[in-house]
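The structure appears right after this line, and notes come after that.
What follows draws every value from the coordinates through simple rules; no lab data is involved. Quantities reported herein were computed from a predicted structural model and do not represent experimental measurements. So basically every Cβ, Gly included, is an ideal-geometry build from the backbone, and we count neighbours across all protein chains shown.
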Amino acid sequence: KNRRRGKGDGEESKRELEFKEDGQEYAQVVRMLGNGRCECFCFDGVTRLGHIRGKMRKKVWITAGDIILVAKRDFQDEKVDIVHKYTADEARNLKQYGELPENARINETAVDMAMADDNDDDDIGIAFDDI
């Protein structure tokens, strides 16, 4: 059996921070769609379909709310390829360096992001007449 039993590779603790190059963009995973695809909100303001590249499949687990680096396709603007996943610490460092916008939420799931999009008052749409 040549299956990986556990995450015994402790080398991922300290790695160099990858910055975006031309043709790349920072994004946040909105939701997973299955089949190695996900909906990504790129920090240039566009929501695109992200595709996990083969090198990362089944090795790097991507979940909703993760900050990722995507490579834009020059022939398809609505699709991107996920190149790199940032840990929460790396994402905080990117935010400090000014690479990520201030409104980027680190370590929040898609449920938290959806809640933040709603208006903050607790009105659920039912109006009661005052007695």
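For the cross-link pairs Lys14/Lys72; Lys14/Lys59; Lys20/Lys85; Lys59/Lys85, the ones whose C-alpha atoms lie over 22 Å apart are Lys14/Lys72. Spin-label model, Asp44/Lys14: points 7 Å from Cα along the beta carbon direction are separated by 3.5 nm.
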